[in-house]
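As structure tokens, the structure follows; a few thoughts come after it.
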Amino acid sequence: MAAPTATPTETIRFTVNDTPVELDAPGGRRLLDVLRYDLGLTGTKEGCGEGECGACSVLIDGDVVDSCLVPVCQVARHDVRTVEGLADGVRLDPLQSAFLEAGGTQCGICTPGMLMAARAFLASGAEPTDGAIREAIAGNLCRCTGYTKIIEAIALAAGAVPAFRHMPSTGAVRRVAAPPNGGPAIVPSPTLRQALRLLAETGGRPIAGGTDVMVALAARSLPRDGPLLDIWGLEELRGIRLEGDELVLGALTTYAELRRSRVVAEALPVLAEIAATIGAAQIQNRGTVGGNVINASPAGDMLPLLLATESSIVLASVRGERTVPASAFWSGYRRTVRAADELVVRIRIPLVPDRRVRYRKIGTRRALAISKVVMAVAWREDGSTWRDVRIGLGSVAERPIRALGAEAVLEGSRPTTETADRAAAAVEAEIRPIDDVRSTADYRRAVSGRVLRRIVLEAGEAGAR
Ligand SMILES: Cc1cc2nc3c(=O)[nH]c(=O)nc-3n(C[C@H](O)[C@H](O)[C@H](O)COP(=O)(O)OP(=O)(O)OC[C@H]3O[C@@H](n4cnc5c(N)ncnc54)[C@H](O)[C@@H]3O)c2cc1C
Ligand code: FES
Ligand code: FES
């Protein structure tokens, strides 16, 4: 039998806690493994290995991420900070002192991740209300201390946390090498043109924020030797802008960017509302709209909105660009009409004057819940009559769908109790949900009806005021 070939490595330069690092490793090696095993920074812990527990949280350029989901090639030229980089020499960071004072740690497994998530939050300048602190650490699980003391500690440190002091680099570069075959290889693609050429030649799988791909690699549901193409650095796929009467999102727009964007806040605030329900800060800093569209999960939270707003998805390849309406994009369970050599480059969302949009996500809990039902409803009001009604639904069929029957009931109607009941009955009749680990078909059907009914009634009450 032929000896297995070694995974190709690349030289990746970045800084960790202000120390320049030069690493030889396959680009897909997890940042977590680089920190713990190549650099000996074992303060960063591994819990779940799939983005659910936050134990591996570190900061990249000040943003908190799960290092188990970051391929190390994506930190090239960036600044990584781990828990070892919080204290100033022997002097603890005020947040660390506050954890000790408030008794915010017991076994300590979650503590480094908690500290990093809390540190990013406090440094953001956001007001440290109880709700905001809870949201900031929603991606970090603690199984022994209990959250009350942790929240107390974070509140205690608010206002006392200094900006990171960037130590003058000593110039001593740490040169390290990962063990052979220490992760999958990832092909870099510095420009869109190169990325499209590589896709055409290799048929590789793009990796954007990696929040789906890295989980699939860890679970071995994606082969580790299949070619992966890094698109995270493509500037051409970034940016949120208005173009005529459309809101245009670059495919690499992250949920954190949607939440921060002034353009979004003015043009389509529901987008920021949706982004806030997707994972926790660690996922929102990495997960992209393009990744959500291509992952094509029936539970993908962005997808019902793209259906309800009649958005379109722009694909590019070496053959040029084509634009596909969202209604024709998802062709089956986790399937899309994207060809293997195409990249999603943009999403175009028409902005319709006086359109109203409502969104609801029903999950098991508020943070980190994959939806049991997700619904977006868009309409215009002509006096008190509803026009141009569009309803997008997720988690109720093998792919995200429009609820055409319920749309027909609402079109040209007024939002009365009778209309709301008829629309609810229509949606319950037309969807084909399934039983799965997250919910039952009966529950999903009943909830879809109730959610639509409530949206209609709330709109009716708002109109009557
Ligand atoms: C803990 C956790 C919680 C999550 N919570 C939610 C949630 O609440 N709601 C939700 O909807 N999702 C959730 N997700 C799933 C995931 O975060 C989103 O689907 C995210 O938008 C994926 O984006 P990404 O950039 O990380 O995708 P990646 O993992 O990089 O890629 C995902 C897929 O899209 C392809 N791809 C990516 N970008 C492009 C592009 N521009 N062109 C062509 N193909 C592309 C990749 O090849 C891959 O097949 C969660 C994931 C985790 C780990
Ligand atoms: S180890 Fe659990 S999120 Fe990374
Ligand atoms: S201190 Fe033990 S898990 Fe949080």
Residue list for segment 101-123, restricted to those being farther than 21 Å from residue 51 by Cβ and in contact (Cβ under 8 Å) with a residue 40 or more places away in the chain: 101, 102, 103, 104, 105, 123
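A quick yes/no check of all residues on (1) farther than 13 Å from residue 401 by Cα; (2) within 16 Å of ligand 3 (Cβ to nearest atom); (3) buried (at least 22 other Cβ atoms within 10 Å of the Cβ); (4) in the same structural domain as residue 345 (by TED's automatic domain parsing):
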site: 272; (1), (2), (3), (4): yes, no, no, yes
site: 276; (1), (2), (3), (4): yes, no, no, yes
site: 279; (1), (2), (3), (4): yes, no, yes, yes
site: 282; (1), (2), (3), (4): yes, no, yes, yes
site: 299; (1), (2), (3), (4): no, no, no, yes
site: 305; (1), (2), (3), (4): no, no, yes, yes
site: 321; (1), (2), (3), (4): yes, no, no, yes
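Give the residues of segment 323-356 that are of a type in the set (Val, Ile, Thr), surrounded by fewer than 19 Cβ atoms within 10 Å (Cβ to Cβ) and in a strand (DSSP E or B), sorted by residue number.
Answer for segment 323-356, where residues must be of a type in the set (Val, Ile, Thr), surrounded by fewer than 19 Cβ atoms within 10 Å (Cβ to Cβ) and in a strand (DSSP E or B): 323, 324.
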Count - residues of segment 53-66 that are in a loop (DSSP other than H, G, I, E, B) and buried (at least 18 other Cβ atoms within 10 Å of the Cβ): 4
Residue in segment 86-94 that is touching a Leu at 6+ places or on another chain (Cβ under 9 Å), in a loop (DSSP other than H, G, I, E, B) and surrounded by 24 or more Cβ atoms within 10 Å (Cβ to Cβ) present: no
Those residues of segment 102-128 which are in a loop (DSSP other than H, G, I, E, B), within 14 Å of ligand 3 (Cβ to nearest atom) and out of contact with any Leu (no Cβ under 7 Å at 6 or more places or on another chain), in sequence order: 103, 104, 105, 106, 107, 108, 109
Test: residue in segment 180-187 that is away from ligand 3 (no atom under 16 Å from the Cβ), of a type in the set (A, V, I, L, M), closer than 30 Å to residue 21 by Cα and not in a loop (DSSP other than H, G, I, E, B): yes
Looking only at segment 129-153, and only at residues there that are β-branched (Val, Ile, Thr) and in a helix (DSSP H, G or I), the one that is farthest from ligand 1 (Cβ to nearest atom): 148
Contacts under 9 angstrom Cβ, first residue in segment 57-84 being closer than 14 Å to residue 286 by Cα and free of Cβ contacts under 8 Å to residues at least 60 places away in the same chain, partner within 16 Å of ligand 3 (Cβ to nearest atom) and in a helix (DSSP H, G or I), 6 or more apart: 58/83; 58/112; 58/113; 58/116
Condition check for residue 322: basic (Lys, Arg) and near ligand 1 (Cβ under 10 Å from one of its atoms): no
Members of segment 85-95 found to be free of Cβ contacts under 8 Å to residues at least 60 places away in the same chain and closer than 17 Å to residue 56 by Cα, listed by number: 86
Any hit, segment 258-277, residues being touching a helix residue (DSSP H, G or I) at 6+ places or on another chain (Cβ under 8 Å) and near ligand 1 (Cβ under 7 Å from one of its atoms): no
Sole residue being among the basic types (Lys, Arg) and closer than 28 Å to residue 192 by Cβ, chosen from 402, 380, 335, 356: 335
Enumeration of residues in segment 12-44 that are within 16 Å of ligand 3 (Cβ to nearest atom) and within 19 Å of residue 219 (Cα to Cα): none
Failed criterion for residue 99 (all others in (1) more than 9 Å from ligand 3 (Cβ to nearest atom); (2) in a loop (DSSP other than H, G, I, E, B); (3) not small (Gly, Ala, Ser) hold): (2)
Qualifying residue in segment 4-27 (condition: assigned by TED's automatic domain parsing to the domain that holds residue 123, aliphatic (A, V, I, L, M) and surrounded by fewer than 18 Cβ atoms within 10 Å (Cβ to Cβ)): yes
Residue list for segment 98-115, restricted to those being away from ligand 1 (no atom under 16 Å from the Cβ) and among the hydrophobic types (A, V, I, L, M, F, W, C): 98, 99, 100, 102, 107, 109, 114, 115
Conditions (1) away from ligand 2 (no atom under 16 Å from the Cβ); (2) in contact with a strand residue (DSSP E or B) (Cβ under 6 Å, 6 or more places away or on another chain): number failed by residue 302: (2)
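Please find, among 311, 317, 331, 261, the residue that is in contact (Cβ under 8 Å) with a residue 12 or more places away in the chain and under 19 Å from the mean Cα position of the chain (by Cα). Lay out the reasoning, then the answer.
Numbers: 311 fails: under 19 Å from the mean Cα position of the chain (by Cα); 317 fails: under 19 Å from the mean Cα position of the chain (by Cα); 331 fails: under 19 Å from the mean Cα position of the chain (by Cα).
Among 311, 317, 331, 261, only 261 is in contact (Cβ under 8 Å) with a residue 12 or more places away in the chain and under 19 Å from the mean Cα position of the chain (by Cα).
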In segment 59-97, the residues that are more than 23 Å from residue 9 (Cβ to Cβ) and either of a type in the set (S, T, N, Q) or within 16 Å of ligand 1 (Cβ to nearest atom) (or both): 63, 64, 66, 96, 97
Test: residue in segment 224-238 that is of a type in the set (D, E, K, R), surrounded by fewer than 17 Cβ atoms within 10 Å (Cβ to Cβ) and on the phi > 0 side of the Ramachandran plot: no
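The values are calculated or read from the model by the stated rules, or taken from the named source; none is laboratory data. Only a predicted model underlies this, so the values are computations on that prediction, with no experimental measurement involved. For neighbour counting, all protein chains shown are included, and Cβ atoms are generated from backbone atoms with ideal geometry for every residue, glycine included.
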